[in-house]
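The next block holds one structure in the form of C-alpha coordinates; read it before the comments.
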Amino acid sequence: MKLRLLILVTIVGFAAVAVGWVYERSLRAPEEKVDMVIPDDIDYFLTNMNYRALDIEGKLDYQFYTPRLEHFPRNDVSRIEAPSMQIQTDTDPWLVDSLAGEYQHANNLVRLTQQVVMQRHGESPMQIYTESIRFEPDRELVTAESEILMVNPQARIRADFAEFDLARKIYKFTRTRSVYKNENS
(Lines give C-alpha, C1' and ligand atoms only; values in the text may rest on other atoms or scores of the structure.)
Protein backbone atom coordinates (compact mmCIF):
# COMPACT_ATOMS: atom_id res chain seq x y z
CA MET A 1 0.00 0.00 0.00
CA LYS A 2 2.81 2.39 0.88
CA LEU A 3 4.50 1.74 -2.46
CA ARG A 4 1.30 2.57 -4.37
CA LEU A 5 0.85 5.76 -2.36
CA LEU A 6 4.46 6.79 -2.99
CA ILE A 7 4.07 6.22 -6.77
CA LEU A 8 0.76 8.14 -6.79
CA VAL A 9 2.27 11.09 -4.89
CA THR A 10 5.27 11.13 -7.27
CA ILE A 11 3.05 11.14 -10.37
CA VAL A 12 0.79 13.87 -8.95
CA GLY A 13 3.91 15.91 -8.00
CA PHE A 14 5.36 15.70 -11.55
CA ALA A 15 1.95 16.58 -13.01
CA ALA A 16 1.67 19.63 -10.71
CA VAL A 17 5.17 20.84 -11.69
CA ALA A 18 4.39 20.39 -15.41
CA VAL A 19 1.06 22.24 -15.15
CA GLY A 20 2.74 25.08 -13.20
CA TRP A 21 5.53 25.37 -15.80
CA VAL A 22 3.06 25.51 -18.71
CA TYR A 23 0.90 28.09 -16.86
CA GLU A 24 3.94 30.26 -16.03
CA ARG A 25 5.12 30.18 -19.69
CA SER A 26 1.69 31.32 -20.89
CA LEU A 27 1.76 34.32 -18.51
CA ARG A 28 5.23 35.47 -19.61
CA ALA A 29 5.28 38.76 -21.56
CA PRO A 30 5.72 38.40 -25.35
CA GLU A 31 8.96 40.44 -25.38
CA GLU A 32 10.58 37.90 -23.08
CA LYS A 33 10.02 35.14 -25.63
CA VAL A 34 12.72 34.85 -28.26
CA ASP A 35 11.32 34.68 -31.77
CA MET A 36 14.31 33.81 -33.89
CA VAL A 37 13.52 33.85 -37.58
CA ILE A 38 15.88 31.61 -39.48
CA PRO A 39 15.71 32.41 -43.18
CA ASP A 40 15.39 29.44 -45.48
CA ASP A 41 16.47 31.27 -48.64
CA ILE A 42 20.07 32.14 -47.63
CA ASP A 43 22.70 29.43 -47.97
CA TYR A 44 25.58 31.43 -46.44
CA PHE A 45 26.51 34.84 -45.11
CA LEU A 46 29.90 36.43 -44.58
CA THR A 47 30.91 39.24 -42.24
CA ASN A 48 33.76 41.72 -42.70
CA MET A 49 34.38 40.44 -46.20
CA ASN A 50 37.01 41.86 -48.54
CA TYR A 51 36.42 40.61 -52.12
CA ARG A 52 39.14 41.07 -54.76
CA ALA A 53 38.74 40.38 -58.47
CA LEU A 54 41.69 40.09 -60.82
CA ASP A 55 41.76 40.81 -64.55
CA ILE A 56 43.08 38.42 -67.23
CA GLU A 57 46.67 39.57 -66.62
CA GLY A 58 46.40 38.88 -62.87
CA LYS A 59 46.23 42.55 -61.86
CA LEU A 60 43.68 43.88 -59.40
CA ASP A 61 40.54 44.79 -61.36
CA TYR A 62 38.28 45.83 -58.50
CA GLN A 63 37.67 45.05 -54.87
CA PHE A 64 34.94 45.71 -52.36
CA TYR A 65 34.60 45.50 -48.62
CA THR A 66 31.32 44.85 -46.85
CA PRO A 67 30.47 44.30 -43.20
CA ARG A 68 27.88 41.68 -44.27
CA LEU A 69 27.10 39.69 -47.41
CA GLU A 70 24.16 37.27 -47.72
CA HIS A 71 23.97 34.83 -50.63
CA PHE A 72 20.63 33.72 -52.08
CA PRO A 73 21.12 30.45 -54.03
CA ARG A 74 17.78 30.50 -55.88
CA ASN A 75 18.81 33.44 -58.07
CA ASP A 76 22.59 33.34 -57.32
CA VAL A 77 22.61 36.91 -56.01
CA SER A 78 24.39 38.25 -52.94
CA ARG A 79 23.01 41.17 -50.98
CA ILE A 80 25.79 43.51 -49.83
CA GLU A 81 25.45 45.74 -46.79
CA ALA A 82 27.19 49.17 -46.87
CA PRO A 83 29.73 48.24 -49.56
CA SER A 84 32.89 50.20 -50.18
CA MET A 85 34.41 49.53 -53.60
CA GLN A 86 37.62 50.41 -55.39
CA ILE A 87 37.68 50.17 -59.20
CA GLN A 88 41.17 50.14 -60.72
CA THR A 89 41.91 52.14 -63.88
CA ASP A 90 45.09 53.02 -65.78
CA THR A 91 45.35 56.27 -63.83
CA ASP A 92 43.70 56.93 -60.48
CA PRO A 93 41.24 54.39 -59.03
CA TRP A 94 37.57 55.16 -58.47
CA LEU A 95 36.36 54.84 -54.87
CA VAL A 96 32.67 54.05 -54.52
CA ASP A 97 30.60 53.92 -51.32
CA SER A 98 26.90 53.22 -50.80
CA LEU A 99 24.48 51.99 -48.16
CA ALA A 100 23.37 48.84 -50.00
CA GLY A 101 24.13 46.70 -53.00
CA GLU A 102 23.92 43.35 -54.68
CA TYR A 103 26.27 41.16 -56.66
CA GLN A 104 24.83 39.00 -59.46
CA HIS A 105 27.32 36.14 -59.67
CA ALA A 106 26.21 34.66 -63.02
CA ASN A 107 26.37 38.04 -64.82
CA ASN A 108 29.41 39.38 -62.91
CA LEU A 109 27.40 42.53 -62.19
CA VAL A 110 27.53 44.79 -59.14
CA ARG A 111 24.62 47.13 -58.41
CA LEU A 112 25.04 49.72 -55.65
CA THR A 113 22.11 51.68 -54.27
CA GLN A 114 21.20 54.32 -51.68
CA GLN A 115 23.44 57.36 -51.34
CA VAL A 116 26.08 56.26 -53.83
CA VAL A 117 29.23 58.38 -53.88
CA MET A 118 31.90 57.80 -56.56
CA GLN A 119 35.13 59.74 -56.31
CA ARG A 120 38.42 59.90 -58.08
CA HIS A 121 41.44 61.75 -56.72
CA GLY A 122 44.63 62.80 -58.49
CA GLU A 123 45.12 65.23 -61.37
CA SER A 124 41.45 65.20 -62.43
CA PRO A 125 39.51 64.87 -59.18
CA MET A 126 35.81 64.20 -59.48
CA GLN A 127 32.88 63.30 -57.21
CA ILE A 128 29.62 61.76 -58.41
CA TYR A 129 26.48 61.52 -56.28
CA THR A 130 23.49 59.33 -57.20
CA GLU A 131 21.08 56.77 -55.80
CA SER A 132 21.93 53.79 -58.01
CA ILE A 133 24.79 52.59 -60.19
CA ARG A 134 25.45 49.44 -62.14
CA PHE A 135 29.05 48.23 -62.54
CA GLU A 136 29.91 45.69 -65.25
CA PRO A 137 33.55 44.67 -64.62
CA ASP A 138 33.88 42.67 -67.86
CA ARG A 139 33.06 45.79 -69.90
CA GLU A 140 34.65 48.27 -67.44
CA LEU A 141 31.37 50.15 -67.58
CA VAL A 142 29.59 52.09 -64.83
CA THR A 143 26.02 53.21 -65.51
CA ALA A 144 24.16 55.63 -63.25
CA GLU A 145 20.61 54.36 -63.14
CA SER A 146 19.17 57.49 -61.55
CA GLU A 147 19.81 61.24 -61.62
CA ILE A 148 23.41 62.20 -60.87
CA LEU A 149 25.41 65.18 -59.73
CA MET A 150 29.02 65.32 -60.90
CA VAL A 151 31.35 67.82 -59.23
CA ASN A 152 34.91 68.66 -60.25
CA PRO A 153 36.98 71.86 -59.86
CA GLN A 154 35.74 73.26 -63.21
CA ALA A 155 32.07 72.23 -63.25
CA ARG A 156 28.91 70.97 -61.58
CA ILE A 157 26.85 68.76 -63.90
CA ARG A 158 23.41 67.32 -63.20
CA ALA A 159 22.16 64.62 -65.55
CA ASP A 160 19.21 62.25 -65.76
CA PHE A 161 21.44 59.41 -66.96
CA ALA A 162 25.19 58.83 -67.18
CA GLU A 163 27.51 56.15 -68.52
CA PHE A 164 31.21 55.90 -67.67
CA ASP A 165 33.36 53.77 -69.97
CA LEU A 166 36.38 53.47 -67.68
CA ALA A 167 38.58 51.64 -70.21
CA ARG A 168 38.26 54.27 -72.94
CA LYS A 169 37.71 57.20 -70.53
CA ILE A 170 34.50 58.24 -72.28
CA TYR A 171 31.76 59.71 -70.10
CA LYS A 172 28.26 60.22 -71.53
CA PHE A 173 25.53 62.32 -69.92
CA THR A 174 21.88 62.60 -70.95
CA ARG A 175 19.68 65.66 -70.35
CA THR A 176 22.21 67.74 -68.48
CA ARG A 177 22.15 70.98 -66.55
CA SER A 178 25.59 72.34 -65.78
CA VAL A 179 27.56 75.23 -64.36
CA TYR A 180 31.12 75.80 -65.56
CA LYS A 181 33.78 77.96 -63.94
CA ASN A 182 35.83 80.05 -66.33
CA GLU A 183 39.47 80.33 -65.24
CA ASN A 184 39.75 83.77 -66.87
CA SER A 185 37.00 85.38 -64.85
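The values are calculated or read from the model by the stated rules, or taken from the named source; none is laboratory data. Here the structure is a predicted model, which is why all the values come from computation and not from measurement. Cβ sites come from the backbone with ideal geometry, for glycine too, and all protein chains shown count toward neighbours. The area values use the complete protein model at the heavy-atom level, side chains included, leaving out ligands, DNA and RNA. Shrake-Rupley method; radii C 1.70, N 1.55, O 1.52, S 1.80 Å.
Is there a residue in segment 121-128 that is free of Cβ contacts under 8 Å to residues at least 24 places away in the same chain, out of contact with any Lys or Arg (no Cβ under 9 Å at 6 or more places or on another chain) and not charged (D, E, K, R)? No, there is no match, as no residue in segment 121-128 is free of Cβ contacts under 8 Å to residues at least 24 places away in the same chain, out of contact with any Lys or Arg (no Cβ under 9 Å at 6 or more places or on another chain) and not charged (D, E, K, R).
Within segment 166-179, one or more residues are open to solvent by less than 60 Å² (accessible area, probe 1.4 Å) and within 26 Å of Ala82 (Cβ to Cβ). If you go through segment 81-139 and keep only what is open to solvent by 50 Å² or more (accessible area, probe 1.4 Å), under 23 Å from Arg158 (Cα atoms), modelled with pLDDT of 90 or more and outside any strand (DSSP E or B), you end up with just Leu99. Only one of (1) modelled with pLDDT of 75 or more; (2) in a helix (DSSP H, G or I) is not met by Leu6, so which one is it? Here Leu6 meets the rest and fails (1).
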